[in-house]
Amino acid sequence: MKAIDVGTSASYQVLIDCGLIRSSGVYIRKLIKPGKAAVISDSNVFPLYGKTVIDSLNNAGFEVYSFCFQAGEAQKNSTTYLQILNFLAENSFTRSDTLIALGGGVVGDMTGFAAATYLRGIPYIQIPTTLLAMVDSSVGGKTAIDLPAGKNLVGAFYQPTLVLCDPDALSTLPASVFRDGCAEVIKYGVLFDAKLFDHLYDKGLSFDREYVITRCVELKKEVVQQDEYDRGRRQLLNLGHTFGHAIEAQSDFQVSHGQAVAIGMAIISRACAACNLCSLQVSGAVCDILALFGLPHSTTYTAEQLYQGALSDKKRAGETVNLIITKQIGCCDILPTPISQVQSFIEAGL
Ligand code: GLY
């Protein structure tokens with residue numbers, strides 16, 4: 001088993017091992033005195049792993065409750081969030097009780113936000129079941145729900161007590177959802193680690209899952225330890241996301257998050273090559289690896305459309321957008337860019 005210590009304001013471990021879902025209660029009990037535990041999950045994941053987690057928690061002495069909502073980003077809203085809070089209140093959950101997020105990013109983000117705000121904060125455990133949630137959203141304490149005006153517009157930084165990553169859960173993922181997570185994994189290689197990038201380039205979709213998940217979590221941990229509240233270096237994790245979010249929104253979320261991030265990374269790297277910020281080899285390697293993983297690297301949206309989307313980016317500061325630029329494979333930078341220059345930059349990368 002791999003154990004990674006995350007040293008944020010509240011420190012915790014990420015455990016990575018096959019079969020962890022089956023023994024989740026054992027590991028949770030080591031940290032939390034048995035009381036009430038609410039397993040929060042969705043209609044895709046609960047039928048697959050709900051009973052296993054509930055049995056394991058029962059065996060560890062917890063009094064277990066469960067709340068299951070319809071799967072999908074559309075449910076990550078104030079209605080579902082309030083339903084969770086009411087469910088906890090109706091069942092008399094107190095600050096010494098625990099929430100268990102069992103699922104992908106939507107489940108993890110919303111459960112984390114419910115945990116951050118119910119009674120001004122109760123403990124929660126992340127059990128991510130998608131690749132994206134294992135390598136990104138379950139680590140670092142970003143919790144949120146969406147508003148009609150945009151994704152993740154209400155949230156809090158609130159670290160979990162424990163993250164349990166079971167790579168076996170990936171075997172039940174639809175291929176398209178697995179590929180979506182691969183876009184985030186490739187992102188870590190481009191951002192920080194040429195060796196990880198080379199491994200992915202070499203192995204394609206049959207990459208070593210335990211090695212890759214562990215490496216991505218280590219890389220993310222380094223970043224969030226340095227910048228827990230996303231004021232500087234953590235923004236690097238936004239590589240491909242500024243234009244990716246614009247593509248997701250333009251498509252009315254028909255283009256998935258992973259596909260949109262893949263296209264966003266390709267646009268950025270081509271624009272960087274065109275502006276002599278990196279070589280053509282770098283942008284070529286980024287587009288090649290995306291193709292190898294069956295991810296898109298071009299779009300029919302215009303520079304004007306993507307520019308309009310980029311203006312609503314959360315990381316915009318006044319008249320400047322922080323673009324994450326590729327310099328080399330394994331080395332990227334934050335480039336504050338006047339909004340007047342963003343459209344021509346996108347044009348260069350289309
Ligand atoms: N998902 C990006 C971050 O955690 O900052």
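Readers should treat all values here as calculations from the given coordinates under stated rules, not as data from a laboratory. None of these values were measured; they are calculated from a predicted model. No Cβ is skipped: glycine too gets one built from the backbone with ideal geometry, and neighbour counts run over all protein chains shown.
Structure values in brief
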item: Residue identified as surrounded by 14 or more Cβ atoms within 10 Å (Cβ to Cβ), of a type in the set (A, V, I, L, M, F, W, C) and in a helix (DSSP H, G or I) among 291, 348; result: 348
item: Selection status of residue 159, of a type in the set (S, T, N, Q), within 12 Å of the ligand (Cβ to nearest atom) and within 17 Å of the chain's Cα centre (by Cα); result: yes
item: Among residues of the range 166-180, those that are under 18 Å from residue 3 (Cα atoms) and of a type in the set (D, E, K, R), counted; result: 2
item: Qualifying position, being more than 16 Å from the ligand (Cβ to nearest atom) and small (Gly, Ala, Ser), among 181, 204; result: 204
item: Residue 266 being part of a helix (DSSP H, G or I), farther than 20 Å from residue 178 by Cβ and of a type in the set (A, V, I, L, M); result: no
item: Residue match in the range 138-160 (condition: more than 18 Å from residue 113 (Cβ to Cβ), buried (at least 18 other Cβ atoms within 10 Å of the Cβ) and in contact with a helix residue (DSSP H, G or I) (Cβ under 6 Å, 6 or more places away or on another chain)); result: no
item: Residue within the range 264-283 that is within 22 Å of the chain's Cα centre (by Cα), of a type outside the set (A, V, I, L, M) and within 16 Å of the ligand (Cβ to nearest atom) present; result: yes
item: Any helices (runs of 4 or more DSSP H) falling wholly within the range 155-239 and containing at least 1 residues that are in contact with a Pro (Cβ under 6 Å, 6 or more places away or on another chain) and touching a residue at least 12 places away in the same chain (Cβ under 8 Å); result: 209-226
item: Lone unmet requirement of (1) away from the ligand (no atom under 15 Å from the Cβ); (2) under 19 Å from residue 224 (Cβ atoms); (3) of a type in the set (Lys, Arg) for residue 120; result: (2)
